[in-house]
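Encoded as structure tokens, the structure appears first; notes follow it.
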Amino acid sequence: MFDVIVIGGSFAGLTAALQLGRASRSVLVVDAGSPRNRTSAGAHGVAGWDGVAPGEILARFRDDLGRYPTLQSRNGEVIRVEGSRDSFVVCLADGAAIAARRIILAHGVHDILPDVPGLGDGWGTRVLHCPYCHGYEVRGEPLAVLAVHPLSAHQALMLRADWSTSITFFTGGMDGFDFDALERAGVRVDARGLKAAQPDDHGISVVLSDGSSQQYAAMFVGPRTSLAGSPAEQLGCATAEGPMGNFVRVGPMAQTTIPGVFAAGDLARPAPNINFALADGAQAGIASHASLLSSDLVPQLEIAS
Ligand SMILES: Cc1cc2nc3c(=O)[nH]c(=O)nc-3n(C[C@H](O)[C@H](O)[C@H](O)COP(=O)(O)OP(=O)(O)OC[C@H]3O[C@@H](n4cnc5c(N)ncnc54)[C@H](O)[C@@H]3O)c2cc1C
């Protein structure tokens with residue numbers, strides 16, 4: 001019986017485990033090994049680590065955790081969590097079933113990219129999700145934005161304001177944007193759809209619905225995200241609808257609506273990044289420890305219907 005099992009061993013999960021290790025609590029981190037930004041050459045906007053490869057940062061995190069004898073980790077995929085507070089059983093795809101008193105969900109989200117051939121090949125290198133994370137590296141260059149949801153127009157306006165004077169917003173016929181505001185800001189709106197994308201070391205070439213092609217330094221796409229099939233969904237944690245997809249609702253102590261289950265990182269935020277994942281992980285680690293001392297210290301999260 002572990003004190004805590006952390007599902008997901010990336011930025012949020014490892015930070016949560018670190019807090020618990022420093023309280024000498026027994027923790028198992030189970031990780032499937034696919035952090036969300038794994039395709040990026042460097043993670044940006046994280047003080048002290050700016051531009052360092054995500055895998056390198058996480059390797060350093062794991063080294064830190066190795067100093068704490070009560071922390072263990074295991075590669076694997078959690079497929080189900082059974083039981084309730086003080087007696088959870090975490091079931092892995094390899095058949096293992098491991099008991100814990102508390103659960104921290106830190107398994108992130110799945111990105112769902114638009115179904116355009118080639119787009120996924122550039123994900124994290126030439127197909128970018130966030131100006132703060134990757135805009136600086138392509139500032140001043142011709143950039144494209146692909147409309148996916150209402151916030152895509154906001155992304156185009158942001159990029160036009162502070163990153164590049166050459167922004168093309170591909171709507172693919174999608175409606176509902178403030179086209180006047182886009183025009184006033186100097187964003188070029190193009191209603192053609194994308195047939196294909198060809199990213200390479202220098203940029204991305206996009207093939208349009210009329211067969212013509214255009215070249216950009218990068219294309220920004222704020223993807224939809226999903227929790228489908230995840231432990232959070234399987235446990236029945238209450239969620240809310242964000243602009244990109246559902247996220248797990250948490251209280252100020254990272255508690256979910258399921259007693260004894262905490263959540264941290266991308267799966268618990270509408271607009272996440274690494275800094276937030278680190279803060280959330282610390283909160284979940286500390287709050288789960290508090291609830292081991294006395295469950296009264298962590299009030300139940302109630303969601304009014
Ligand atoms: C392409 C891209 C680039 C990005 N660049 C930046 C950047 O430069 N700067 C920045 O601040 N943010 C960046 N982000 C956002 C950043 O990647 C996330 O905010 C961060 O990774 C969230 O950390 P997390 O620990 O919540 O989840 P993740 O890092 O996604 O980690 C979740 C972990 O849980 C594991 N897991 C999933 N399901 C299970 C399961 N059932 N059982 C066991 N393990 C499981 C996964 O394999 C993974 O290892 C980027 C995102 C993308 C998509």
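The values are calculated or read from the model by the stated rules, or taken from the named source; none is laboratory data. Given the structure is predicted, the values throughout are model-derived calculations rather than measurements. Please note: Cβ atoms are built from the backbone with ideal geometry, for glycine as well, and neighbour counts cover all protein chains shown. For the accessible areas, the whole protein counts, side chains as well, though only heavy atoms, and no ligand, DNA or RNA atoms are used. Shrake-Rupley method; radii C 1.70, N 1.55, O 1.52, S 1.80 Å.
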Residues residue 212 and residue 238, FRET efficiency given R0 of 51 Å [Cβ-Cβ distance, rounded to 0.05] | 0.60
Bins of 10 Å from zero: percent of alpha-carbon pairs in the range 114-220 | 16, 53, 30, 1
By how many degrees, between 0 and 90 and to the nearest 10, does the Cα long axis of helix 54-65 differ from the longest principal axis of the chain?
-> 10 degrees
Accessible area per residue, 1.4 Å probe, Å², for the chain: what's the number?
-> 46 Å²
Out of every Cα pair in the chain, what percent are spaced more than 24 Å from each other?
-> 55 percent
Net charge, residue 295 excluded, C-beta distance under 11 Å - Lys, Arg +1, Asp, Glu -1 = +1
Cα long-axis angle, helix 11-21 against the chain (0 to 90 degrees, to the nearest 10) = 20 degrees
At 222 nm, what helix-only mean residue ellipticity would the chain give, in deg cm²/dmol to the nearest 500, using -39500 (n - 2.57) for each DSSP H run of four or more?
-> -7000 deg cm²/dmol
No Cys partner within the rule (Cβ under 4.7 Å), the chain | 91, 237
Bridge orientation stat for the chain from DSSP, antiparallel percent rounded to 5, came to 45 percent
In degrees, nearest 10, the alpha-carbon axis of helix 151-162 is tilted away from the dominant principal axis of the alpha carbons of the chain by 70 degrees
Any idea what the relative contact order of the chain is, in percent, if you count C-alpha pairs under 8 Å spaced at least 6 apart?
-> 20 percent
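Net charge around residue 198, counting only other residues with Cβ within less than 12 Å of its Cβ (Lys, Arg = +1; Asp, Glu = -1)? Present the calculation step by step, with values, prior to reporting the outcome.
Working: positive: 126, 195; negative: 121, 200, 201.
Surrounding charge for residue 198 is -1.
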Distance between the range 135-196 and the range 223-273 - C-alpha centres, whole angstrom = 29 Å
